[in-house]
Amino acid sequence: AQTVTQSQPEMSVQEAETVTLSCTYDTSENNYYLFWYKQPPSRQMILVIRQEAYKQQNATENRFSVNFQKAAKSFSLKISDSQLGDTAMYFCAFMNSNAGGTSYGKLTFGQGTILTVHP
Amino acid sequence: NAGVTQTPKFQVLKTGQSMTLQCAQDMNHEYMSWYRQDPGMGLRLIHYSVGAGITDQGEVPNGYNVSRSTTEDFPLRLLSAAPSQTSVYFCASSYRGGRTEAFFGQGTRLTVV
């Protein structure tokens, strides 16, 4: 079974600064996907970024980027130029897939990190 | 463009009552799943389905039933509610291949008293 660990229950950052959220995972599988989801106070789960395990290049989406270290089983999220709207709970998640890249849609989540952006 | 729709958004039940949480998606996704979110534990998988007529258990299935008679709908049934089932419940759906990210409903906050 896979496990996902987020060791930072809470983080804070000043507006316009950079913050990094940590995530480690444990799996014996070789084919998988990793995600960061954002959950603002509205409770909606919003996809921030995703990474395919077979890709060495780190994923980037505007101000969000990841540092994917497959050998170390580490998947951290960097938020640059933090904005007040980034205040939310952030979840790291893992999804298995077969050799053809097909998954069953089953996610394993970390415990979450509450990020607060201060003005 | 509705996406994943969950109803109700809030519900209070008495211990021993039964109820069904509804979930519908209009994206023709093959995969659907139910999660519960509890403080400090993230989201945990209750049940999932890979297509109409096919369901399987996740990490925390006890006390819950599911069925999937159509591609669009995936209801979650609480058979006899217990206070330990107080939680926020999320339904999610995703494609079988290609882009794999899950799309989530708005969640249902359930309180069992």
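Say we look at the range A:9-29 and pick out the residues that are over 24 Å from B:ASP38 (Cβ atoms) and assigned to a loop (DSSP other than H, G, I, E, B); which of these is most open to solvent (accessible area, probe 1.4 Å)?
Once the filter is applied, the top-ranked residue is A:SER28.
Every residue in the range A:68-78 that is open to solvent by 10 Å² or more (accessible area, probe 1.4 Å) and without any contact (Cβ under 8 Å) to a residue 60 or more places away in the chain, please.
Once the filter is applied, which keeps residues that are open to solvent by 10 Å² or more (accessible area, probe 1.4 Å) and without any contact (Cβ under 8 Å) to a residue 60 or more places away in the chain, the range A:68-78 yields A:PHE68, A:GLN69, A:LYS70, A:ALA71, A:ALA72, A:LYS73, A:SER74, A:SER76.
Among the residues of the range A:30-57, write down those that are more than 11 Å from chain B (Cβ to nearest Cβ), closer than 20 Å to A:GLN6 by Cα and open to solvent by 60 Å² or more (accessible area, probe 1.4 Å).
A:PRO41
Taking the range A:60-74 as the region of interest, how many residues are in a loop (DSSP other than H, G, I, E, B) and farther than 15 Å from A:LYS38 by Cβ?
Going through the range A:60-74 one residue at a time, the tally reaches 4.
Inside the range A:79-113, can you point out the residues that are within 14 Å of A:GLN14 (Cα to Cα) and surrounded by fewer than 17 Cβ atoms within 10 Å (Cβ to Cβ)?
A:SER80, A:ASP81, A:GLN83, A:LEU84, A:GLY85
Taking only pairs six or more apart or across chains, which ones have beta-carbon atoms under 7 Å, a first residue in the range B:1-29 that is under 24 Å from A:GLY105 (Cβ atoms), and a second residue that is in a loop (DSSP other than H, G, I, E, B) and among the hydrophobic types (A, V, I, L, M, F, W, C)?
Here the result reads B:GLY3/B:MET27; B:CYS23/B:PHE74; B:ASP26/B:ALA2, each pair linking the range B:1-29 to a residue that is in a loop (DSSP other than H, G, I, E, B) and among the hydrophobic types (A, V, I, L, M, F, W, C).
Please verify whether A:ASN67 is more than 14 Å from chain B (Cβ to nearest Cβ), farther than 21 Å from B:GLY42 by Cα, out of contact with any strand residue (DSSP E or B) (no Cβ under 6 Å at 6 or more places or on another chain) and of a type in the set (S, T, N, Q), treating the condition exactly as stated. Outline the logic, then answer.
Working: more than 14 Å from chain B (Cβ to nearest Cβ): yes; farther than 21 Å from B:GLY42 by Cα: yes; out of contact with any strand residue (DSSP E or B) (no Cβ under 6 Å at 6 or more places or on another chain): no; of a type in the set (S, T, N, Q): yes.
Considered against the rule, which asks whether it is more than 14 Å from chain B (Cβ to nearest Cβ), farther than 21 Å from B:GLY42 by Cα, out of contact with any strand residue (DSSP E or B) (no Cβ under 6 Å at 6 or more places or on another chain) and of a type in the set (S, T, N, Q), A:ASN67 comes out as no.
Given the condition in contact with a strand residue (DSSP E or B) (Cβ under 7 Å, 6 or more places away or on another chain) and within 10 Å of chain A (Cβ to nearest Cβ), answer yes or no: does some residue in the range B:82-89 qualify?
Going through the range B:82-89, the residues in contact with a strand residue (DSSP E or B) (Cβ under 7 Å, 6 or more places away or on another chain) turn out to be B:82-83, B:85-89.
Filter once more, keeping what is within 10 Å of chain A (Cβ to nearest Cβ): B:88.
Within the range B:82-89, one or more residues are in contact with a strand residue (DSSP E or B) (Cβ under 7 Å, 6 or more places away or on another chain) and within 10 Å of chain A (Cβ to nearest Cβ).
Pick from A:LEU47, A:LEU77, A:LEU34: which is touching an Asp or Glu at 6+ places or on another chain (Cβ under 7 Å) and either hydroxyl-bearing (Ser, Thr, Tyr) or part of a strand (DSSP E or B) (or both)?
None of the other options fit; the residue is A:LEU47.
Output the strands (runs of 3 or more DSSP E) that fall wholly within the range B:1-105 and possess 3 or more residues being open to solvent by less than 50 Å² (accessible area, probe 1.4 Å) and in contact with a Phe, Trp or Tyr (Cβ under 7 Å, 6 or more places away or on another chain), or say none. Explain how you work it out, then say what you get.
Numbers: elements: B:4-7, B:10-13, B:19-25, B:31-38, B:42-51, B:54-57, B:64-66, B:76-78, B:87-94.
In the range B:1-105, B:31-38, B:42-51, B:87-94 are the strands (runs of 3 or more DSSP E) which contain 3 or more residues that are open to solvent by less than 50 Å² (accessible area, probe 1.4 Å) and in contact with a Phe, Trp or Tyr (Cβ under 7 Å, 6 or more places away or on another chain).
Please specify each residue of the range B:29-53 satisfying the condition of being aliphatic (A, V, I, L, M) and more than 10 Å from chain A (Cβ to nearest Cβ).
B:ILE46, B:ALA52
The values are calculated or read from the model by the stated rules, or taken from the named source; none is laboratory data. Remember, it's a predicted structure, so these values are computed and weren't measured experimentally. All Cβ positions, even for glycine, are placed from backbone atoms using ideal geometry, and neighbour counts span all protein chains on display. SASA here: full protein model, heavy atoms, side chains in, ligands and nucleic acids out. Shrake-Rupley method; radii C 1.70, N 1.55, O 1.52, S 1.80 Å.
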